[in-house]
Amino acid sequence: MRVSPDIRLLFSPAVTYGDMRLNESARWWLWRPAMLLLVLGCTLSLTIGGRVMPRLVADAVLSFAFVPIVEIAAFAVVFRTGRSSLPFRRGVDLHFAGNGPWLLWIILVGALSVALPPRTFLRWMDPLLLSALLPAVWCAVIDFQLSRVVLQRSVARAAGDVVLLRLIAWPALIACYGAIGMWTQVLPTIAPWLFP
């Protein structure tokens, strides 16, 4: 049985990235970012509506399109700080292949939101949010191997790449999410003046 490189990457990132670096992908380079958005959209639809509804999926995909955009921008900065013979598009594809732990965590949260009664699910929110540390650390390990094996950087430089990526991406993601939340609070207040 042949296992997908995305699954192997979860457990053996150094070896898998070595194999992936040598083999060109026939996929469109934004396929994995698009899959991230689809998983986010379906999970939010499950959490909000209890099932996957196309309208909710589309709303979530549009609302959270900033996630892969910010991630690509942060990776671009890391990618440009050193030399690499790898094309940028291939680097983006391989970077997003390392999002497996986050995808698993998002799917788990969505499944729990459907499986548990709403009050029970809300009581589990704090432990669920705390559990996000696991995919955060797991992805950092995978990103370290991406830098070491794919971008061919030293141990110190790879560790710096992991930190730099997070210093760029996480504040930007929080700011974008906060801006969306703020906009949803402000719009109902100013709407009567804008549309009398």
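Where in the range 1-49 are there helices (runs of 4 or more DSSP H), lying wholly inside it, with at least 2 residues that are closer than 22 Å to W138 by Cβ and more than 17 Å from the chain's Cα centre (by Cα)?
On the way: elements: 5-11, 13-22, 31-49.
The qualifying helices (runs of 4 or more DSSP H) are 5-11, 13-22.
Among the candidates L173, L167, single out the residue that is modelled with pLDDT under 85, closer than 30 Å to P87 by Cβ and part of a helix (DSSP H, G or I). Before you say what the answer is, go through the steps one by one.
Values: L167 fails: modelled with pLDDT under 85.
From the options L173, L167, the qualifying one is L173.
Between L122, L134, which is at pLDDT 95 or above, in a helix (DSSP H, G or I) and surrounded by fewer than 16 Cβ atoms within 10 Å (Cβ to Cβ)? Let's see the steps before the verdict.
Working: L122 fails: at pLDDT 95 or above.
On inspection, the qualifying residue turns out to be L134.
Could you please find all residues in the range 90-115 being touching a Ser or Thr at 6+ places or on another chain (Cβ under 7 Å) and closer than 11 Å to T47 by Cα?
Listed by number, the residues that qualify are I106, I107, V109, G110, S113.
Give me the residue from the range 1-45 that is surrounded by 20 or more Cβ atoms within 10 Å (Cβ to Cβ) and either β-branched (V, I, T) or at pLDDT below 85 (or both) and, out of that set, nearest to D59 (Cα to Cα).
Ranking the qualifying residues of the range 1-45, first place goes to T43.
Taking the range 140-159 as the region of interest, how many residues are part of a helix (DSSP H, G or I), more than 20 Å from the chain's Cα centre (by Cα) and without any contact (Cβ under 8 Å) to a residue 60 or more places away in the chain?
Step one: of the range 140-159, the residues part of a helix (DSSP H, G or I) are 140-150, 155-159.
Those still in the list that are more than 20 Å from the chain's Cα centre (by Cα) too: 148-149, 155-157.
Next cut, without any contact (Cβ under 8 Å) to a residue 60 or more places away in the chain only: 155-156.
The total comes to 2.
Pull up the range 87-103, narrow it to residues that are surrounded by fewer than 16 Cβ atoms within 10 Å (Cβ to Cβ) and either in contact (Cβ under 8 Å) with a residue 60 or more places away in the chain or in a loop (DSSP other than H, G, I, E, B) (or both), then point me to the one that is nearest to the chain's Cα centre (by Cα). Talk me through it step by step, then tell me what you get.
Filtering the range 87-103 for residues surrounded by fewer than 16 Cβ atoms within 10 Å (Cβ to Cβ) gives 87-89.
Filter once more, keeping what is either in contact (Cβ under 8 Å) with a residue 60 or more places away in the chain or in a loop (DSSP other than H, G, I, E, B) (or both): 87, 89.
Working: P87: 21, R89: 17 Å.
Here the residue is R89.
So if I check each of V57, V77, V52, which one is more than 30 Å from R148 (Cβ to Cβ), surrounded by fewer than 20 Cβ atoms within 10 Å (Cβ to Cβ) and not basic (K, R)?
Of V57, V77, V52, the one residue that is more than 30 Å from R148 (Cβ to Cβ), surrounded by fewer than 20 Cβ atoms within 10 Å (Cβ to Cβ) and not basic (K, R) is V52.
The values are calculated or read from the model by the stated rules, or taken from the named source; none is laboratory data. Just so it is clear, the structure is predicted and the values come from calculations on it, not from any experiment. Backbone-built Cβ (ideal geometry, glycine too); neighbour counts: all protein chains shown.
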